Amino acid sequence: AILEEKQSRRAPRRDRGSRQVTERDEELLAFIAEQYAVTLDQLAVLIGRSPRTARGLRDRWCAAGWTSSAKLAVDLPPFVWLTSRGTTIAGSRFRTWQPYHGLVRHIDAVTNVRLLLERQLRLGRWECDRALAKKARSRSSYRDHPPDAILHGDTTTAIEVELTLKSRKRVERIM
């Protein structure tokens, strides 16, 4: 009874109901901006925790209005992508991505390759296709298809993740 009495006298916190952005939030949201979106399983790998913990983080971000989430492919886990508010919090210079079902398998595959090469094997720093496109010539002039990423490590390696077979000539043009 005494404890209940003390708790009821305490003034509510000034920041009650607001969402505090942590450094980890900013880093993870920036990663998502670079990759367009991540699956819940990939988010779990990124934070080094269980899928349940990843769902809790996703739910917190969605409640704050920083991300949206939905199942975009029948055979893949739900995806998480940034809202315009999340893009601002991430400090991203990329446009807010709108879900496009035709790209989700490719986005999933590229993110899996990034997690393997950059996070697990620690082979270098990943430069995403969005950053490469920003560095390229303006949209008004012709621009070749950039690779999915460049991995900067002991050597610089162009990364192209293929889910469909392309001609050798086209792959060489990309790389």
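Using a probe of 1.4 angstrom, how much of the accessible area of the chain is carbon and sulfur, in percent?
Looking at the chain in its full context, I get 50 percent from C and S.
So for region 61-175, averaging the separation of alpha carbon pairs under 8 Å that are six or more residues apart and normalising by length, what relative contact order in percent results?
Over region 61-175, the number comes to 16 percent.
From zero outward in steps of 10 Å, how is the percent of C-alpha pairs of region 50-149 spread across the bins?
Bin by bin from 0 Å, the calculated values are 13, 35, 42, 9, 1.
So the label point goes 7 Å from the Cα of Arg119 along Cα→C-beta, right? Which residues of region 39-68 then have their backbone N under 13 Å from it?
Within reach of a label on Arg119, which here means backbone N under 13 Å from a point 7 Å along Cα→Cβ, region 39-68 contributes 39-51, 54-55.
How charged is the neighbourhood of Glu162? Take every other residue with its Cβ under 12 Å from the Cβ of Glu162, and add Lys/Arg as +1 and Asp/Glu as -1.
Net charge around Glu162: +2.
Cα centroids of region 37-53 and region 98-131: how far apart, whole angstrom?
14
Give the span of the chain's Cα atoms along each principal axis, as three whole-Å numbers ordered largest to smallest.
Principal-axis extents of the Cα atoms in the chain, largest first: 78, 36, 34 Å.
Using +1 on the beta carbon of Lys and Arg, -1 on that of Asp and Glu, and nothing else charged, what's the dipole of the chain about the Cα centre, debye to 20?
Dipole of the chain, to the nearest 20 debye: 500 debye.
The values are calculated or read from the model by the stated rules, or taken from the named source; none is laboratory data. Quick caveat, the model's predicted, so the values are computed rather than measured. Glycine also receives a Cβ, built like all others from the backbone with ideal geometry; neighbour counts cover every protein chain displayed. We work out accessible area using only protein heavy atoms, side chains counted, and drop any ligands, DNA or RNA first. Shrake-Rupley method; radii C 1.70, N 1.55, O 1.52, S 1.80 Å.
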